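**Student:** Take a look at this one; I'll ask things after.
The values are calculated or read from the model by the stated rules, or taken from the named source; none is laboratory data. Keep in mind the model is a prediction, meaning the values are calculated, not measured. Neighbour counts run over all protein chains shown; Cβ positions are idealised from the backbone, glycine included. To get the accessible areas, we keep the full protein, side chains included, count just its heavy atoms, and leave off ligands, DNA and RNA. Shrake-Rupley method; radii C 1.70, N 1.55, O 1.52, S 1.80 Å.
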Amino acid sequence: MSRVGLVLGGGGITGAAYHLGALLAVEMATGWNPDDAEVVVGTSSGAVVAGLVRAGDLSLESLIGDAEGHAEVATTLADRLYRRTRLKGVVRWVRHGLAPGLRRPGLQLAVASPARYTTAGIEEWLEERIGDLAHRWPSKPTIVPAYDVAARARVAFGTEGSPDTTLARAAAASSAVPMVFAPVEIDGRLYVDGGLASGTSADLVLGADPPLDLVIVSAPMASHETRRGARLYESVLDRVGVVALDAEVERIHETWPECDVVVLRPDADVLEETRPNPMGTHHAVPAFLETLRSMRRALAEPEVWRLLSAHLVVAGHR
């Protein structure tokens, strides 16, 4: 059997919906179970989906629960994810985000900023969905990158030397989008969205030993296409994501010349459902459905299907 790595990039609630649609499509097409991946790397919303993968809870129900209709789904998701908290941490923001950011302007300007919401709802949701696994770490290699506020550096939870924590807590830290969610404290240090370091952190699969045969990357925020009527920041974020991911894929190829890489990205139709606000809960179900439709085309691309069929197709699966 081929050794497969799975990388799930950041992308907000619509990014999580994209991951679910993409992974279910791959599973239906090949018979391959994503939990069979030798290593799973999940950043931001991808960290939450990584938990679902390792728990064997990969389904639309894991996203929407018992809610019915788009309006009820949006309300339920908002209640779960957006728990209000008291705005605080201005001094922390000036020290760790604003002052350094003024010297080197960029996304990190928002690091440690005061925020209206807490990630407690994300932790509780994972506890409801995956049970005991939320309070420990998966037995199979699972990596969750987050951004250390004080060190201004990526920390890969689940790797040797990283702080001990639970899967739910690490996923919450990796999902703490600055200016939306307050930083998450782990072992006395504050962490925010792992996407500040990289939207995918695909290079972290290189810790696998022996080398992998195939790496599948689901990258909601690294599209090559442009949404009709897109706002300027949408294309900027995608360009940043593409550049970072291209560098990571190149590093994988340089380190493991025999390793194949398949990158799944949103097409224009998916972008219509996931943008301009990836955090909008009312886009979750439409994004999931459009992703399923788009995957029929994406997985049928000759080069993509050649690699998937070579590494993933389970004997007897049609």
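**Student:** Looking at segment 54-72 only, could you name the residues that are part of a loop (DSSP other than H, G, I, E, B) and within 20 Å of Thr142 (Cα to Cα)?
**Tutor:** Passing the criteria: Gly56, Asp57, Leu58, Ser59.
**Student:** May I ask you to say which residue of Val263, Val270, Val236 is part of a helix (DSSP H, G or I), aliphatic (A, V, I, L, M) and under 29 Å from Leu307 (Cα atoms)?
**Tutor:** Residue meeting the stated conditions: Val270.
**Student:** Now a separate question. I need the full set of residues from segment 33-52 which are open to solvent by 20 Å² or more (accessible area, probe 1.4 Å) and either modelled with pLDDT under 95 or in a loop (DSSP other than H, G, I, E, B) (or both), in order please.
**Tutor:** Asn33, Glu38, listed by residue number.
**Student:** Within segment 53-66, is there a residue that is modelled with pLDDT of 90 or more and either surrounded by fewer than 19 Cβ atoms within 10 Å (Cβ to Cβ) or within 29 Å of Val236 (Cα to Cα) (or both)?
**Tutor:** The answer is yes, given that some residue of segment 53-66 is modelled with pLDDT of 90 or more and either surrounded by fewer than 19 Cβ atoms within 10 Å (Cβ to Cβ) or within 29 Å of Val236 (Cα to Cα) (or both).
**Student:** For the subset of segment 282-313 comprising residues that are touching a Ser or Thr at 6+ places or on another chain (Cβ under 6 Å) and under 22 Å from Glu68 (Cβ atoms), which member is least open to solvent (accessible area, probe 1.4 Å)?
**Tutor:** Among those residues, the one meeting the criterion is Ala287.
**Student:** Specify the residue that is nearest to Gly42 (Cα to Cα); the eligible residues are those in segment 135-171 that are aromatic (Phe, Trp, Tyr) and under 17 Å from the mean Cα position of the chain (by Cα).
**Tutor:** Phe157
**Student:** Given the conditions (1) in a strand (DSSP E or B); (2) open to solvent by 10 Å² or more (accessible area, probe 1.4 Å), which single one is not true for Glu128?
**Tutor:** Result: Glu128 fails condition (1) only.
**Student:** Does Leu264 satisfy the condition of being open to solvent by 60 Å² or more (accessible area, probe 1.4 Å) and touching a helix residue (DSSP H, G or I) at 6+ places or on another chain (Cβ under 9 Å)?
**Tutor:** no
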